[in-house]
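Have a look at the structure below, then the notes.
Please treat every number below as a calculation from the coordinates, not as lab data. Keep in mind that this is a model prediction, so the values were computed, not measured. Every residue, glycine as well, gets a Cβ built from its backbone with ideal geometry; the counts of neighbours run over all protein chains shown.
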Amino acid sequence: MGFNIAVDGPAGAGKSTIAKLVAKKMNLIYVDTGAMYRAMAVYFIKQGVDIDDVEAVAEACTGADITIKYENGMQMVYLNDENVTAYLRTEEVGNAASVTSGVAQVRARLLELQRTLAKTSDCIMDGRDIGTCILPNADVKIYLTASSAVRAKRRFDELVAKGEECDLATIQADIEERDYRDMNREVAPLKQAEDAILVDSSYMTIEEVVKRIVEIAEERK
Ligand code: DC
């Protein structure tokens with residue numbers, strides 16, 4: 001078993017930014033499980049599967065083979081041997097991933113891949129159910145969150161910086177809808193594990209959050 005840090009939390013809490021930096025500081029592999037659900041979503045979109053039809057999603061997911069490779073320390077996600085990493089971070093794919101990740105068969109297809117990565121490497125893995133379900137014995141569990149208003153403002157600033165037109169209220173409503181779906185689904189809902197440490201980044205800088213998590217992790221190493 002590798003040394004494992006589990007980071008869970010809602011969309012836009014900064015999990016991937018923080019986890020990448022902690023990985024660098026502690027010489028760990030960063031495993032982004034959201035990207036695996038996003039790759040599944042790309043498959044459903046490509047195949048024209050109705051994502052609200054649970055049975056159709058459950059049946060179609062058997063045709064999606066997701067694998068992970070590391071290139072220059074960056075996680076690359078392959079869908080049926082095609083590198084789909086560049087297509088994962090759109091709102092359409094994120095929303096489709098939020099919907100289809102509620103289907104038990106989709107989760108079952110990704111569970112072994114995630115556990116194998118944790119077993120074979122020292123890693124920091126982020127997602128929604130890592131501390132509660134995927135790695136119940138992780139060395140460190142962090143629940144990283146921030147208020148929906150703060151998360152929406154961060155996303156808004158990111159999009160504005162990219163020159164994209166957007167509306168703050170719509171972004172906040174989308175985030176709250178995604179939180180609701182992620183927290184209220186029947187299979188592996190997002191929740192804080194009993195033994196996870198809560199880090200609320202609403203009024204913390206990225207550096208402060210990284211420092212806090214590294215301190216917690218170093219104590220348990
Ligand atoms: O973290 P993210 O936004 O890339 O994740 C996309 C969606 O995938 C998210 O809305 C919920 C789902 N997800 C999940 O159900 N379990 C995980 N471990 C990671 C992501």
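For segment 1-46, which residues satisfy the criterion of being of a type outside the set (S, T, N, Q), within 12 Å of the ligand (Cβ to nearest atom) and either in contact with an Asp or Glu (Cβ under 8 Å, 6 or more places away or on another chain) or within 22 Å of Glu194 (Cβ to Cβ) (or both)? Break it down into steps so the answer makes sense when it comes.
The initial filter retains those residues of segment 1-46 that are of a type outside the set (S, T, N, Q), namely 1-3, 5-15, 18-26, 28-32, 34-46.
Filter once more, keeping what is within 12 Å of the ligand (Cβ to nearest atom): 6-15, 19, 31-32, 34-42.
Once the filter is applied, which keeps residues that are of a type outside the set (S, T, N, Q), within 12 Å of the ligand (Cβ to nearest atom) and either in contact with an Asp or Glu (Cβ under 8 Å, 6 or more places away or on another chain) or within 22 Å of Glu194 (Cβ to Cβ) (or both), segment 1-46 yields Ala6, Val7, Asp8, Gly9, Pro10, Ala11, Ala13, Lys15, Ala19, Val31, Asp32, Gly34.
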**Pairs, first more than 13 Å from Asp139 (Cα to Cα) in segment 206-218, second of a type in the set (Val, Ile, Thr), C-beta under 7 Å, six or more apart** = Ile206/Thr17; Ile206/Ile18; Val209/Ile18; Val209/Val199; Val210/Ile18; Val210/Val22; Arg212/Val199
**Count - residues of segment 54-83 that are surrounded by 15 or more Cβ atoms within 10 Å (Cβ to Cβ), part of a helix (DSSP H, G or I) and small (Gly, Ala, Ser)** = 3
**Fill in**
Filtering segment 13-32 down to residues that are in a helix (DSSP H, G or I), within 10 Å of the chain's Cα centre (by Cα) and crowded, with 22+ Cβ neighbours inside 10 Å yields Lys15
**Message:** Please go through segment 34-53 and give me each residue that is charged (D, E, K, R) and part of a loop (DSSP other than H, G, I, E, B), ordered by number.
**Reply:** Asp50, Asp52, Asp53
**Item:** Subset tally (residues that are farther than 11 Å from Ser148 by Cβ, part of a helix (DSSP H, G or I) and in contact with a Phe, Trp or Tyr (Cβ under 9 Å, 6 or more places away or on another chain)) for segment 161-184
**Value:** 1
